[in-house]
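> Here you go, one structure.
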Amino acid sequence: MNKKQKKMLVRIIITSLLLIGLHFVPFEQMKIADDWNRVLKFFLYLVPYLVIGYDILKKSFKGIKNRQPFDECLLMTIATVGAFALALTRTGDFVEAVAVMLFYQIGEWFQSYAVGKSRKNITELMDIRPDYANIEEEGRLVQVDPDEVEIGSIIVVQPGEKIPLDGIVVEGSANLDTAALTGESVPRKVKCGDEVISSCINLDSVLKIKTTKNFEESTVSKILDLVENASSRKSKSEDFISKFARVYTPAVVYSALALAFLPPIVLMLLGKEPMFGDWIYRALTFLVISCPCALVISIPLSFFAGIGGASHQGILVKGSNYLEQLSKVKYVVFDKTGTLTKGVFEVNAIHHNVMEEERLLEYAALAECASSHPISKSLQKAHGKEIGRNRVTDIEEISGNGVIAKVDGLEVAVGNDKLMKKIGITHKDCHHVGTIIHVAISGEYAGHIVISDVEKPHSKDAISGLKQSGIKKTIMLTGDATAVAEHIAEKLGVDEVYSQLLPGDKVSKVEEIIQNIHPKDKVAFVGDGINDAPVLTRADIGIAMGALGSDAAIEAADVVLMDDDPAKIVKAINISKKCLHIVYENIYFAIGVKVLCLILGALGIANMWAAIFADVGVMVLAVLNAIRMLFVSDKIR
């Protein structure tokens, strides 16, 4: 609990004790006139009332002064002041007036505590911000602000410290704790040459890291910015409740005034007793019942708690609007490489080669030396020798086709069958399953290399889990050959597959899918951030998976999964559905109870205690229901 919550709890306890104490005061046995008895009770009960309600009175008068009076504070003020007036002039029961304010404040305290709990989940994520970076100067370590470290600097990270900036390990090896970002408890092993990202905790050995980004552009900075701005993106449900409250509150005040004075006036005109006291009491009860706190508080809290619970699992949702959209997803479109498969390609075979295999691999690896694509890296890895970039000139990368470059003065074309057709080379097809990389040297076909990708361990379970979660269709998009794509899709249980697509074709295909489905159904695209930014932006919901270190993915995606486990997609969708389920539970429950009690209150059947339950009781139950979203367990798959 924070200081404000502790102070409120003390006020609640003091007021409760004062009410209990006053209950045992023998007012009825005092030998004074009834009117003076009521005055005495009024001043005694005024003490606990002011202890618990002075801030509400202050806010309501401030609202009137600023010409923005219509809120729950005004409703509580009118209801409790009116109850005091009735007790003083008619009923003599001051307990109701104090109880209304007391229970309202108890509900507010519950709401504040729940927000604090959900904020704590997000604050734990915010603790990933590194406080300092170690720079070595004249044989000693100097702590500097991460903002001051330039790109290319060598920083030292000791055991137990956070990595302050993105970079590459240049000395040492260690295990890194990535739990704060990914929710993954298993440490990640890094060694010399590996990329590391800011905010991971070094567990066991000293690392020297060459920085590749300044702090503003680092992964941790972008994530912090994403989380801080999440609450500003409102869902349709939240927007509706906000607009509803702006119209509802003044309507309730005017209705209460009408209930207090119109029936007595009609009764007077009919020559009957007006019973002003009864009708004013009903109007005050009506005001307490109608307070929209349960809706105004619990709906945003449900989304806020949902975002907090998801962040604890390594799932960053950029706003409650995206959480709401995610719950409506019925079609999930996957990019293959790096999403359903590891993106770790291995050379399995070389066929129809007109030269030695090693030499063919050397030409292919040199031609691809400027590319960061996983296939290019696999060729370089299979070559196994240092790449002499000075031997390569005139590199031309043709998106979705391959690369043409000059190696030792010879024109080398490395790519798929589209590239071979484009440059007019007759190539030989391969019947093996895998990605086929054709090589042509000096205008002559030189052979092809068979490369295959490896499925991720949880990909098949993720596809199965999505179907169990109510997803109508899973679709895979890839630039791979049809045989390879269909083989992987069949193995994983994907419903549809589209192969041999260029990056631009993926955007068109997603647009085509969106146009051909029911308008209420939403399409999510899942990519790993490499060349996926346009499609992530175009889909109804863009999910970037394993997006650590990928700036474009963090910027373009609506949901960021901090590791590369496909099972997190199922968890993200199920969290969103649970959140929306709780939101609708609260809406139906709050409105249902209030409508029933409003009718009973207007008919004079429900008294002030029923009104307290309809207001505070419903609010507390709705808040308790909302904070269930904080406790996102591993059972949600």
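> Find how much the distance from Met268 to Glu356 grows on full extension, using 0.36 nm per residue of separation minus their present alpha carbon separation; answer in nm with one decimal.
20.6 nm
> Another question about this same structure. Given the -39500 (n - 2.57) contribution per DSSP H run of 4+ residues, what per-residue ellipticity at 222 nm results for the chain, rounded to the nearest 500 deg cm²/dmol?
Result for the chain, helices only: -16000 deg cm²/dmol.
> Now for a separate question. Under a cut-off of 16 Å between alpha-carbon atoms, report the aspartates and glutamates in cross-link reach of Lys41, not counting same-chain residues fewer than 8 places apart.
Result set, ordered by chain and number: Glu28, Asp93, Glu96.
> Among [x] 118, 65, 40; [y] 76, 76, 51; [z] 87, 71, 48, find the value of Cα extents along the principal axes in Å that was calculated from the structure presented, and write down its label.
This structure yields the entry labelled [x].
> How big is the range 385-538 along each principal axis, measuring the range of its Cα positions in Å and listing the largest first?
57, 31, 29
> What translational D, rounded to a whole number of µm²/s, comes out for the range 329-465 from Stokes-Einstein when the hydrodynamic radius is the Kirkwood one over Cα pairs, at 20 °C and 1.002 mPa s?
The estimated diffusion coefficient comes to 137 µm²/s.
> Let me ask you something else. Kindly provide the Kirkwood hydrodynamic radius of the range 467-530 in Å, to one decimal, from all pairs of distinct alpha carbon atoms.
When all Cα pairs of the range 467-530 are included, the Kirkwood radius is 12.8 Å.
> In terms of modelled amide H atoms, which long-range or inter-chain residues lie less than 5 Å from the amide H of Lys456?
Counting only residues 5 or more places away or on other chains, the set is Thr341, Lys342.
> What's the angle, to the nearest 10 degrees (0 to 90), between helix 236-269's Cα axis and the longest principal axis of the chain?
10 degrees
> OK, next. Assign one of three labels to the range 393-477, namely rounded, prolate or oblate, based on the Cα gyration tensor with a ≥ b ≥ c the square roots of its eigenvalues; rounded applies when a/c is under 1.5, prolate when it is not and a/b is larger than b/c, and oblate otherwise.
Prolate, since a/c reaches 1.5 and a/b exceeds b/c.
> Here's a follow-up. For the range 14-83, what relative contact order do you get, as a whole percent, if you take Cα pairs closer than 8 Å and at least 6 residues apart? Don't skip to the end; give the middle numbers.
Values: 30 pairs, mean separation 19.6, N = 70.
Once normalised by length, the contact order is 28 percent.
> Taking θ = phi - 60°, what integer Hz values does the Karplus form 6.51 cos²θ - 1.76 cosθ + 1.60 yield along the range 297-313, in sequence order, with x for Gly and Pro?
For the range 297-313, the Karplus-derived couplings read 8, 6, 5, x, 5, 4, 5, 4, 5, x, 5, x, x, 5, 4, 5, 9 Hz, x marking Gly and Pro.
> Against the empirical 2.2 N^0.38 Å scaling, what ratio does the C-alpha Rg of the range 5-111 come to?
Ratio of Rg to 2.2 N^0.38 Å for the range 5-111: 1.13.
> Can you give me the distance in nm between label points at Lys342 and Arg140, each placed 7 Å from the Cα along the Cα-to-Cβ direction?
So the two model labels end up 4.7 nm from each other.
> Oh, and also: Going down the list Lys473/Lys568; Lys467/Lys506; Lys213/Lys422; Lys6/Lys594; Lys491/Lys571; Lys456/Lys571, which pairs span over 28 Å between their C-alpha atoms?
Working: Lys473/Lys568 18 Å; Lys467/Lys506 23 Å; Lys213/Lys422 39 Å; Lys6/Lys594 30 Å; Lys491/Lys571 22 Å; Lys456/Lys571 17 Å.
The answer is Lys213/Lys422; Lys6/Lys594.
> So if we plug the beta-carbon distance of Leu46 and Tyr584 into 1/(1 + (r/R0)^6) with R0 = 35 Å, what FRET efficiency do we get, rounded to 0.05?
0.25
> If I take every Cα pair under 8 Å that is 6 or more residues apart in the chain, average their sequence separation and divide by the length, what percent do I get for the relative contact order?
It comes to 15 percent, rounded to a whole number.
> What is the ratio of the Cα radius of gyration of the range 249-297 to 2.2 N^0.38 Å, where N is its residue count, to two decimals?
Taking N as the residue count of the range 249-297, the ratio is 1.33.
> To the nearest 20 Debye, how big is the dipole of the range 297-377 about its Cα centre, given +1 on the beta carbon of each Lys and Arg and -1 on that of each Asp and Glu?
The calculation lands at about 640 debye.
> Provide the per residue accessible area, probe 1.4 Å, for the range 314-433, rounded to a whole number of square angstrom.
48 Å²
> Then there's this: Treating the beta-carbon of each Lys and Arg as +1 and of each Asp and Glu as -1, no other charges, what is the dipole magnitude of the chain about its Cα centre, to the nearest 20 debye? Kindly include the intermediate steps, with their values, before the conclusion.
On the way: 69 positive and 76 negative charges, 657 e Å.
Computed about the Cα centre, the dipole is about 3160 debye.
> Follow-up question, since we're still on this one. Please give the residues of the range 1-28, grouped as numeric ranges, whose backbone N is less than 18 Å from a label point set 7 Å along the Cα-to-Cβ vector of Leu624.
none
> Can you work out the Karplus-derived ³J(HN,Hα) for every residue in the range 6-22? Use 6.51 cos²θ - 1.76 cosθ + 1.60 with θ = phi - 60°, whole Hz, and x for glycine or proline.
For the range 6-22, the Karplus-derived couplings read 5, 5, 5, 4, 4, 4, 5, 5, 4, 4, 4, 5, 4, 5, 5, x, 5 Hz, x marking Gly and Pro.
> Which one, Ile106, Gly447, Leu360, projects farthest toward the positive side of the charge dipole computed for the chain from Cβ point charges (K/R +1, D/E -1)?
In the chain, that residue is Ile106.
> Could I ask something else about it? Within the accessible area of the range 360-461, what % is carbon and sulfur when the probe is 1.4 Å and the other protein chains stay in place?
47 percent
> Now for a separate question. Toward the positive end of the charge dipole of the chain, about the Cα centre and with charges on Cβ (Lys, Arg +1; Asp, Glu -1), which of Ala349, Ala87, Ser153 goes farthest?
Ala87
> Continuing with this model, one more query. Say the dipole of the chain comes from +1 at the beta carbon of Lys and Arg and -1 at that of Asp and Glu; which of Gly592, Pro457, Ser320 then lies farthest toward its positive end?
Gly592
> How much accessible area per residue does the range 570-617 have, in Å², with a 1.4 Å probe? Can you show the working numbers first?
Values: 1910 Å² over 48 residues.
Counting only protein heavy atoms, the per-residue value for the range 570-617 is 40 Å².
> Got a sec to turn the phi values of the range 273-283 into Karplus ³J(HN,Hα) couplings, 6.51 cos²θ - 1.76 cosθ + 1.60 with θ = phi - 60°, whole Hz, x for Gly and Pro?
5, x, 6, 3, x, 4, 6, 5, 4, 4, 5
> Further question: Pairs of Cα atoms under 8 Å, at least six residues apart: use those to get the relative contact order of the range 436-513, whole percent.
Over the range 436-513, the number comes to 23 percent.
> Obtain the nm distance between the two label points defined at Asp495 and Lys210 by a simple spin-label model: each point lies 7 Å from its Cα along the Cα-to-C-beta direction.
About 4.8 nm, to one decimal.
> Helix 567-602: angle to the longest alpha-carbon principal axis of the chain, degrees 0 to 90, nearest 10?
Long axis of 567-602 versus the principal axis of the chain: about 20 degrees.
> Sticking with this structure for a sec: What percent of all Cα-Cα pairs in the range 274-409 falls into each 10 Å bin, going from 0 up to the bin containing the maximum distance?
The distribution over the range 274-409 is 9, 21, 16, 12, 14, 9, 5, 5, 5, 3, 1, given as percents.
> Starting with the highest mean, order 19-28, 144-153 by the number of other Cβ atoms within 10 Å, averaged over the residues of each peptide.
144-153, 19-28
> Aspartates and glutamates near Lys243 by alpha-carbon distance under 20 Å, same-chain residues fewer than 8 away left out - which ones?
Counting by Cα, and skipping residues close in sequence, Lys243 has these aspartates and glutamates nearby: Asp71, Glu72, Glu324, Glu585, Asp615.
> Moving to a separate point now. What is the angle, in °, between the Cα long axis of helix 72-86 and the longest principal axis of the Cα atoms in the chain? Nearest 10 is fine, range 0 to 90.
Helix 72-86 sits roughly 10 degrees off the main axis of the chain.
> OK, next. Where a Cα-Cα gap under 18 Å defines reach, which aspartates and glutamates qualify for Lys3, not counting those fewer than 8 residues away within the same chain?
Asp55, Glu108
> Going by amide H atoms built from the backbone, whose H comes under 5 Å of the H on Met476, apart from near neighbours?
It is Phe334, Glu496, Val497, Tyr498, by chain and number.
> What full-extension length gain, to one decimal in nm, is calculated for Asn390 and Leu9 as 0.36 nm per residue of separation minus the Cα-Cα distance?
That works out to 129.9 nm of additional length.
> First measure r as the distance between the Cβ atoms of Leu603 and Lys59, then evaluate 1/(1 + (r/R0)^6) with R0 = 41 Å and state the FRET efficiency to the nearest 0.05.
Details: r = 32 Å, r/R0 = 0.77.
Using R0 = 41 Å, I get an efficiency of 0.85.
The values are calculated or read from the model by the stated rules, or taken from the named source; none is laboratory data. Treat the numbers as computed from the prediction; the structure is a model and nothing was measured. In this analysis, Cβ positions are derived from the backbone assuming ideal geometry, glycine residues included, and neighbour counts consider all displayed protein chains. Accessible surface is based on the protein model in full, side chains and every heavy atom, while ligands, DNA and RNA are left aside. Shrake-Rupley method; radii C 1.70, N 1.55, O 1.52, S 1.80 Å.
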